[in-house]
Each structure stands twice: as C-alpha cells, then as structure tokens.
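See below for the structure under consideration.
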Amino acid sequence: MTDTAVLHQRAPEQQPPAPPRKGGLAAGLLRTARPRQWVKNVLVVAAPAAAGELFSRHALTRLALVFVLFTVCAAAVYLVNDARDAEADRAHPVKRHRPVAAGQVPVPVAYAVGGALGVLAPVVAAWLCPPAVASLLAAYLFMQLAYCVSLKHVLVVDLAVVTTGFLMRAMIGGLALGIPLSRWFLITTGFGALFMVSAKRYSEAVQMAANAGATRALLTEYTTGYLRFVWQLAAGVAVVAYCLWAMEEGGVPHTSVLPWRQLSMVAFILAILRYAVFADRGTAGEPEDVVLRDRALALIGLVWVAMYGLAVANW
C-alpha cells in the first residue's frame, strides 16, 4: 500500500491547500534544506574529539569543511525527498506546509537543486579532502536516495539506513583527519544512534495508536512491543560498549587528578536512562528536540562533555 493510500484512509476529507508562505524561492529552498536538522552534522567532530585531536587549526578547518559538505549532502536528499513526496505531503495535515508541497518551490526546481548539490559535495570532497571522505559522502548520498525511493518502505532496513546515516556522520571526521576509529567508538555510536532512531519510531507508533495523526506507512508493519525491544536492546549495547571503551582507554597511564574517562560512564548512563524516560512515554521525537526541551538531560550532557574533555586533556 502506498503512502498516499494510507493517508487517504486516515484522512477521508482532502486537506485544504496550504496557505502561501512568506518569502520567495530562496527562502523556500532554505526551509526545505531543514536548517534545524543541521545540528546532527556536529557529529563529524565525534571521532577527533574522542581522540583528543580537535583543537589544532588544521583539524578545525578540515572539520568545518566536512560539516559543510555533509550539510550540503543532507540538503540534497531533503530536496529530492520532498519533490518525490510532494503529492502525498499535500494530503498530510502538517507536511502540506512544506515549501515543495505548498508550491513555494516547484518540483522541477527541487529536483534540479537537489541533484546539483548532490554532485557538488562529493566533487569538492574529492578535491579538498582525503579520498575516503569523498567515498563516504557518495555512499551516504546513494544510501539516502535509495531510502527515499524504496528502502523506507522495507521493514527493519529503514531503521538500519537511518542509523547508518548517523554512524557515517561520526566516522567522517576521523577519516578526514586520518584518525584510527576505535571499535568501541563505532559500536557505541552505532547502537546509540539505533536507540534514538527506534525510540523515535516507537513514539510515532504510540501516537498513531492514540490517533494522534502519525501517518508513516511502515509504522503499521511494526508493533510497539517490537520497537520497544529494539530501543531497549540498543540502549543496553550502547552502555556496555561505552563502558568497555572507557575502561580500555582508561588503562593508559595518566597524570590527571581523577579518572575522568571512567567517571564519564556515570554521566553517559544517566543520559541514556533519562532519554529512555521519554522513549517509554512515547514522546521521544527528534533527538535534538528531546535534548533541548529537557533541562536535566541537557545538563547531564554538559557534565559528560566536561568529564570527557578533562579526560582527553589529561587534567
């Protein structure tokens, strides 16, 4: 069953046309690029920060470039996705306000700009960055476009693709600077991302069951029990992997006042447990929204950053 069919089943009455948005084509393209989502690309600093190689001029310049390139790739995917889903989005009570669905950005223009950005980013990366960065960006684009076309309709694979997107963000900073990626870093990042992705899907499923208007077609294939199992499994693996990572790295001789790396396990576990509160309630939406609206979770995150920073600095 297609997304459009599901939407019409849930909303028998056709949604009225979205009112025109203020601003021209450029403003519409910018909104379609989802600026609020750009914060996810800060993950490009994860590997260099974990390795303690973040604050040189070369590292900051290279990471800023990688951040921009990944943002351009993500914008290309959003443009193509919205152009492809424009008709279905017009029947959605919220998505009909998206610039492409509302007519602010014509569908051909969205395809053209998205295609141009999708070609530009890997080309610039091949010119200015190590080959591995360009290859990863090209793989990210291919995977995300395949997700837009068909993979988002495939059970379990949709979770894997979104999770892999987060993992690629975390990997690319290390590849850009030639930093070896710890196996525990990759496991922690991968399962941490799966935890947040599956918690979001679980929340959408709970809201749909409560007739709150969730309309993702694939959610009808999942059960809330299965999604709960996935986010609980992912949270457990992420915690174990982080503890092993912290203890392994903590075995290296240090001269710091306190074992900050091991102590950071407490903050990490508290952050997972706090985030799980929202997952259990079915209110875990976008990860950045969860963190920003909960002061306790934001504070725990800052404490973790401080502890890990002290560990890296060996204070």
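Values in this text are rule-based calculations from the coordinates and carry no lab data. Being a predicted model, the structure only gives us computed values, none of them experimental. For neighbour counting, all protein chains shown are included, and Cβ atoms are generated from backbone atoms with ideal geometry for every residue, glycine included.
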Inset, instruction - Go ahead and run the numbers for FRET between residue 150 and residue 42, Cβ-Cβ distance against an R0 of 35 Å, rounding to 0.05. - result: 0.75
Inset, instruction - First measure r as the distance between the Cβ atoms of residue 306 and residue 135, then evaluate 1/(1 + (r/R0)^6) with R0 = 35 Å and state the FRET efficiency to the nearest 0.05. - result: 0.50
Inset, instruction - Return the tail of the calculated pair distribution for the stretch 30-70, meaning the percent of Cα-Cα pairs more than 10 Å apart. - result: 73 percent
Inset, instruction - Read phi for every residue in the stretch 299-315 and hand back ³J(HN,Hα) as whole Hz from Karplus 6.51 cos²θ - 1.76 cosθ + 1.60, θ = phi - 60°, with x for Gly and Pro. - result: 5, 4, x, 5, 5, 4, 4, 5, 5, 5, x, 5, 5, 5, 6, 6, 8
Inset, instruction - Would you please classify the overall shape of the chain from the alpha carbon gyration tensor, given that a ≥ b ≥ c denote the square roots of the eigenvalues, rounded means a/c under 1.5, and beyond that prolate means a/b larger than b/c while oblate covers the rest? - result: oblate
Legend entry - Extended-chain gain in nm, criterion 0.36 nm per residue less alpha-carbon gap, residue 286 and residue 244: 12.3 nm
Legend entry - Rg and Dmax of the stretch 20-181, Cα atoms only, in Å: 16.6, 50
Inset, instruction - Scan around residue 105 for amide H atoms under 5 Å from its own, H built in the peptide plane at 1.01 Å from N, and keep only partners 5 or more places away or cross-chain. - result: 100
Inset, instruction - State whether the stretch 182-315 is rounded, prolate or oblate according to the following rule on the C-alpha gyration tensor (a ≥ b ≥ c being the square roots of its eigenvalues): a/c under 1.5 gives rounded; otherwise a/b larger than b/c gives prolate, and the remaining case gives oblate. - result: prolate
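With runs of 4+ DSSP H residues as the only contributors, calculate the mean residue ellipticity of the chain at 222 nm using -39,500 (n - 2.57) per run, divided by the residue total and rounded to the nearest 500.
Mean residue ellipticity, 222 nm, calculated: -23500 deg cm²/dmol.
Want the number for residue 120 to residue 313: 0.36 nm per residue separation, take away the alpha-carbon distance, what's left? Let's see the in-between values first.
Values: separation 193, 0.36 × 193 = 69.48 nm, distance 3.71 nm.
Length gained, residue 120 through residue 313: 65.8 nm.
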Legend entry - Per-residue HN-Hα couplings for the stretch 100-115 [Karplus 6.51, -1.76, 1.60; θ = phi - 60°; Hz; x = Gly/Pro]: 6, 5, 7, x, 5, 10, x, 4, x, 5, 4, 4, 5, 5, x, x
Legend entry - Under Karplus coefficients 6.51, -1.76 and 1.60, residue-wise ³J(HN,Hα) of the stretch 140-155 in Hz, glycine/proline x: 4, 4, 4, 5, 6, 5, 5, 5, 4, 7, 8, 5, 5, 9, 9, 4
